[in-house]
Amino acid sequence: MNITQILHAALDLLYPPHCAVCEKPFGEGERAFLCCDCDAKIERIDQSHLCRCGLPLPEVLDLCPECARSGRAFEQIRSFGWYEEREDPHHVLSVLLKIFKYNGERALAPLLARYLAQAGEPLRACVEQITFVPMYPKKERQRGFNQAELLARELGRLWGIPVVRALEKIRETEPQAGLSLQARRENVRGAFGLAKFSPCASILIVDDVCTSTATLTECTRVLKEGGVHRVYGLTVARASPKNIELEDV
Ligand SMILES: [Zn+2]
Ligand SMILES: [Zn+2]
């Protein structure tokens, strides 16, 4: 044993490695943030029959009411699992995302990017570049990182697709959580601008969570104005429609 190994062994004794969600000490082979029990409880979205906006549909429908009524600027959104906006210590994916975003646990990015890669696999062949929802510069400096950018860069590495800064946040916005759908749309309207980049035919926007699609819709509008033809969205988690106004999903 060298000194580093001894130090690690001592640290493991003092602070046994434990699950990031339930805090149970890890058993044999459990070393990647989640214990097997929590991993099994992850609230995955059934990807078998999705609407364009990423919500699962009953077999008899091809589009949800909102996509059928309004059309969509984006081609397709996909998300890996469900998100719970209300505080719930047992909701595994939401807890993981909160630890990642608010506790600054950047080491979670590779795990979350693998989830993105799973849910986004059908989009992989469609996109030439990957980008991310930008943060307002002052906020990014306060947090120290943009969680969406970290995820996009990990995904770009996994897929071998270039990651570009295509958008800029040009004004601060309220947190979307807790706002009505209409208020979410108004909150992000005009909040994004185009960064200096060479537009390509198709781009994928990565974010941690999609709630009402208002942010992804606004980013899509700006990218299309900038000359991108097809815009896709991919998020780790998706708020279940019951969390927002059902009639406006
Ligand atoms: Zn656990
Ligand atoms: Zn839809």
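Laid out as a table, the results:
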{"item": "Dipole magnitude of the stretch 62-147, debye to nearest 20 (Cβ charges: Lys/Arg +1, Asp/Glu -1, about Cα centre)", "result": "420 debye"}
{"item": "Fewest-first sequence of Val188, Val60, Val95 by Cβ atoms within 10 Å of each Cβ", "result": "Val60, Val95, Val188"}
{"item": "Average Cα contact separation per residue, the stretch 51-94, under 8 Å, 6 or more apart, as relative contact order %", "result": "34 percent"}
{"item": "Against the rule of thumb 2.2 N^0.38 Å, how large the Cα Rg of the stretch 146-193 comes out", "result": "1.46"}
{"item": "DSSP bridge orientation in the chain - percent antiparallel, rounded to nearest 5", "result": "25 percent"}
{"item": "Packing-based order for 103-112, 197-206, using average beta carbon neighbours within 10 Å, highest first", "result": "197-206, 103-112"}
{"item": "Of Thr217, Tyr102, Pro25, farthest towards positive along the dipole that unit charges on Lys, Arg, Asp, Glu beta carbons give the chain", "result": "Thr217"}
{"item": "Tail beyond 23 Å, pair distance distribution of the stretch 81-193 (Cα, percent)", "result": "38 percent"}
{"item": "Stokes-Einstein translational diffusion, the stretch 100-150 - Kirkwood Rh over all Cα pairs, 0.692 mPa s, 37 °C, in µm²/s", "result": "265 µm²/s"}
{"item": "Stretchable slack from Glu43 to Gln5, in nm (0.36 nm times residue separation minus alpha-carbon distance)", "result": "10.1 nm"}
{"item": "Exceeding the 31 Å Cα-Cα cut-off - candidates Lys41/Lys139; Lys138/Lys224; Lys139/Lys196", "result": "Lys41/Lys139"}
{"item": "Magnitude of the charge dipole, the chain, Cβ model with Lys/Arg +1 and Asp/Glu -1, debye to 20", "result": "920 debye"}
{"item": "Proxy reagent accessibility, fewest Cβ within 10 Å first, across Val21, Val231", "result": "Val21, Val231"}
{"item": "Mean-position separation - Cα centroids, the stretch 70-101 and the stretch 156-218, in angstrom", "result": "15 Å"}
{"item": "Rounded if a/c under 1.5, otherwise prolate or oblate - the chain, Cα gyration tensor axes", "result": "prolate"}
{"item": "The stretch 156-223 - convex hull of the alpha-carbon atoms, volume per residue in Å³", "result": "98 Å³"}
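The numbers here are math on the coordinates, done by the rules we state, and not lab data. Predicted model only: the values in this text are computed from it and were never measured. Don't worry about glycine lacking a Cβ; one is built from the backbone with ideal geometry, like all the others, and counts go over all protein chains shown.
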